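Below: one structure in structure tokens.
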């Protein structure tokens, strides 16, 4: 799974997140910019699904 590294300012170190997570979040922001709402429960479900798949891939 391709990842990107971003700075976690609270911890002062870089963390890696799946690249497809950023594309999902970008799409959500595009929807908001275009006047559509991204329901919070849908956003949380998408993130939870990605975290679960990543965990399964590592085990």
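Every number in this text was worked out from the coordinates using simple rules, so none of it is lab data. As the structure is a computational prediction, the values presented were derived from the model and not from experiment. Backbone-built Cβ (ideal geometry, glycine too); neighbour counts: all protein chains shown.
In nm, to one decimal, how far is the modelled label at residue 24 from the one at residue 47, with both set 7 Å along Cα→Cβ?
In this crude spin-label approximation the distance works out to 1.0 nm.
Counting other beta carbons within 10 Å of each residue's own, what order do 52, 3 fall into, fewest first? Write out the running numbers ahead of the final one.
Details: 52 10, 3 14.
Fewest to most other Cβ atoms nearby, the residues stand as 52, 3.
In which sequence would 6, 17 go, from the one with the fewest C-beta neighbours within 10 Å to the one with the most? Walk me through the numbers on the way to the answer.
Working: 6 11, 17 16.
Fewest-to-most Cβ neighbours within 10 Å comes out as 6, 17.
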